[in-house]
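Remarks on the structure that follows.
The values are calculated or read from the model by the stated rules, or taken from the named source; none is laboratory data. Treat the numbers as computed from the prediction; the structure is a model and nothing was measured. Because the Cβ atoms are built from the backbone with ideal geometry, glycine has one as well, and the counts that use them run over all protein chains shown.
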């Protein structure tokens with residue numbers, strides 16, 4: 001039995017060895033080419049965004065763009081202040097984080113500290129399922145189910161409002177918060193737990209005073225990644241939050257986020273090369289920079305956390 | 001020492017601990033309840049709309065009850081097929097390069113960090129890239145190919161990261177043994193490493209493709225129309241629809257009857273996605289149990 005498996009394992013590569021050696025080199029070059037695609041993608045994103053943003057900023061000053069409080073690119077008088085869009089994005093991302101973080105952290109603690117392996121095996125795939133539901137479906141949920149409820153509770157609310165978006169986006173980022181935080185909590189060495197129990201601590205003491213502080217930086221990174229995801233969230237938000245750029249933190253009003261603005265402009269017929277067409281790229285650049293900075297920051301924290309416990 | 005004294009000095013320590021456990025458990029059940037409620041609402045809203053006619057007829061602007069998803073479904077199938085064709089070789093190739101070939105130097109770190117960051121870029125930004133690069137610069141127009149290439153860039157980081165994980169799970173001794181028998185690097189990878197890593201890679205590919213299937217934002221950004229009456233027949237020239245775009249179009253309608261049509265389309269989309277997810281989970285579970293190195 002053992003001899004036959006060994007001989008077939010030997011025979012295969014030996015037969016294939018008839019290929020010339022340059023073949024190995026070609027494969028190597030092809031694989032480098034594959035890896036280069038991802039580098040080219042990043043360069044492409046930056047170049048494309050800049051290629052249209054630079055002409056945009058030659059007409060609209062960067063100061064007006066970053067500090068202007070009115071965003072009216074599609075009608076006269078045109079104003080290009082991104083603050084209302086920024087405010088909409090911050091309201092939706094902040095609001096959804098406020099809703100999702102306590103629920104997500106509680107669930108993560110339960111899964112890592114209390115749940116039996118069986119419960120974990122059942123619940124984690126369910127959360128993956130939740131994570132796999134597309135954005136546009138959450139947009140539908142916001143319009144058809146959440147909006148009527150919000151308007152029942154707050155009769156003054158607009159038909160589309162920021163609270164709608166907060167509710168659905170918080171559901172969307174829940175799986176991410178849970179799985180990342182749970183991973184970080186489980187990375188805390190068992191010896192710390194045992195030591196605390198040996199000193200007579202209750203499970204609450206162990207969790208709140210030993211494990212959470214030890215895992216704190218990683219949990220913060222998980223929150224930042226989830227907020228980044230909320231900032232980039234597009235279809236659900238554009239359906240749920242409405243399309244009025246507004247510099248206000250009232251969650252019952254209709255607001256527009258950076259992503260929803262890009263969707264709105266993309267759907268209209270706007271000729272390439274116009275100032276309005278270029279706003280897509282300028283807003284896209286702002287969005288890209290925001291998410292990139294948060295991402296790099298969170299990745300850095302997670303990297304240091306892994307080094308600490310491995 | 002201090003902990004002992006405190007827990008002895010606090011008669012409610014045990015109670016507080018139990019209340020905390022109940023709080024955490026409630027959080028978990030709330031999450032599950034949300035998922036169940038969500039699916040239940042969607043399915044009960046749209047189930048009545050699902051029929052053979054719904055799948056085989058085109059959408060209508062005026063009659064929501066006669067509207068169907070044929071062009072959208074056709075477009076989605078073509079899109080996913082093309083996306084798989086583009087993304088799987090490049091993604092797996094990158095993973096093989098990073099795990100098996102790349103020397104452990106700055107270049108490798110650069111590529112790896114870059115991929116981790118690309119995974120966090122919002123999909124609409126890829127849409128803007130697709131608009132500038134594929135639709136305008138390469139002059140592909142708003143075609144299936146441009147859409148599929150854009151979706152490829154969206155899911156490439158997911159495929160690469162999961163394929164890398166699958167390759168890393170193959171023990172080093174397999175490679176050493178193969179090399180010792182005289183196999184070249186590529187022969188070792190092709191005949192020994194890839195077959196062993198295949199189930200893990202497949203799981204990642206399925207999950208990535210299901211993400212692409214539900215993605216609407218990049219397609220909207222490249223300028224895809226949300227209302228299309230025909231299944232595209234030429235992948236370079238024809239306009240195309242996609243299931244998530246059709247759902248967006250119907251949900252955005254003020255007429256409530258169109259929301260029912262949207263729910264019907266969501267039922268079909270979710271059924272496909274849940275089946276794909278379940279397949280991936282089963283694959284991973286079975287192979288993690290079976291292969292014990």
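General observations
- Only one of A:248, A:254, A:181 that is away from every other protein chain (no Cβ under 11 Å) and within 20 Å of residue B:24 (Cα to Cα): A:181
- Filter result for the condition that a residue is within 21 Å of the chain's Cα centre (by Cα) and buried (at least 24 other Cβ atoms within 10 Å of the Cβ), over A:235, A:305: A:235
- All positions within region B:231-262 that are at the interface with chain A (Cβ under 7 Å from one of its Cβ atoms) and assigned to a helix (DSSP H, G or I): B:244, B:247, B:248, B:251, B:259, B:262
- Any hit, region A:170-192, residues being free of Cβ contacts under 8 Å to residues at least 40 places away in the same chain and over 23 Å from residue A:305 (Cβ atoms): no
- Residue match in region A:88-109 (condition: without any contact (Cβ under 8 Å) to a residue 60 or more places away in the chain, closer than 21 Å to residue A:259 by Cβ and not in a helix (DSSP H, G or I)): no
- Among (1) in contact with a helix residue (DSSP H, G or I) (Cβ under 6 Å, 6 or more places away or on another chain); (2) under 20 Å from residue B:122 (Cα atoms); (3) surrounded by 22 or more Cβ atoms within 10 Å (Cβ to Cβ), the one test that residue A:182 misses: (2)
- Any hit, region A:117-132, residues being under 16 Å from the mean Cα position of the chain (by Cα), assigned to a loop (DSSP other than H, G, I, E, B) and within 13 Å of chain B (Cβ to nearest Cβ): yes
Yes or no, residue by residue, for (1) at the interface with chain A (Cβ under 7 Å from one of its Cβ atoms); (2) buried (at least 22 other Cβ atoms within 10 Å of the Cβ); (3) part of a helix (DSSP H, G or I):
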position	(1), (2), (3)
B:156	yes, yes, yes
B:182	yes, no, no
B:199	no, no, yes
B:208	no, yes, yes
B:212	no, yes, yes
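- Positions within region B:18-51 being farther than 30 Å from residue A:120 by Cα and under 27 Å from the mean Cα position of the chain (by Cα), in sequence order: B:45, B:46, B:47, B:49, B:50, B:51
- Which listed residue is over 19 Å from the mean Cα position of the chain (by Cα) and either closer than 21 Å to residue A:246 by Cβ or surrounded by 22 or more Cβ atoms within 10 Å (Cβ to Cβ) (or both), from A:108, A:157: A:157
- Tally of residues being at pLDDT 90 or above and closer than 29 Å to residue A:150 by Cβ across region A:265-288: 3
- Scope region B:59-82; condition within 14 Å of chain A (Cβ to nearest Cβ) and farther than 21 Å from residue B:48 by Cα; matching residues: B:76, B:79, B:80
- Residue in region B:188-197 that is surrounded by the fewest Cβ atoms within 10 Å (Cβ to Cβ), counting only those that are closer than 17 Å to residue B:97 by Cβ and either under 17 Å from the mean Cα position of the chain (by Cα) or away from every other protein chain (no Cβ under 11 Å) (or both): B:194
- Boolean, residue A:58 is farther than 26 Å from residue A:250 by Cα and part of a helix (DSSP H, G or I): yes
- Among the conditions (1) outside any helix (DSSP H, G or I); (2) touching a strand residue (DSSP E or B) at 6+ places or on another chain (Cβ under 8 Å), the only one that residue A:75 does not satisfy is (2).
- Top-ranked residue in region A:219-242 [being part of a loop (DSSP other than H, G, I, E, B) and more than 10 Å from every other protein chain (Cβ to nearest Cβ); ranked as nearest to residue A:181 (Cα to Cα)]: A:241
- Within the set B:223, B:204, B:200, the sole residue that is touching a helix residue (DSSP H, G or I) at 6+ places or on another chain (Cβ under 9 Å) and at positive phi turns out to be B:223.
- Within region A:287-310, residues that are over 19 Å from residue A:231 (Cα atoms) have Cβ atoms under 7 Å from residues that are surrounded by fewer than 13 Cβ atoms within 10 Å (Cβ to Cβ) in these pairs: A:309/A:189, counting only partners at least 6 apart in sequence or on another chain.
- When region B:92-126 is limited to residues that are more than 17 Å from residue B:158 (Cβ to Cβ) and not in a helix (DSSP H, G or I), the one that is nearest to the other protein chains (Cβ to nearest Cβ) turns out to be B:102.
- Whichever residue in region B:52-65 is free of Cβ contacts under 8 Å to residues at least 12 places away in the same chain and under 31 Å from the mean Cα position of the chain (by Cα) and, among such residues, is nearest to residue B:226 (Cα to Cα): B:60
- Of the numbered criteria (1) surrounded by 14 or more Cβ atoms within 10 Å (Cβ to Cβ); (2) in contact with a strand residue (DSSP E or B) (Cβ under 9 Å, 6 or more places away or on another chain); (3) not in a helix (DSSP H, G or I), the one residue A:65 fails is (3).
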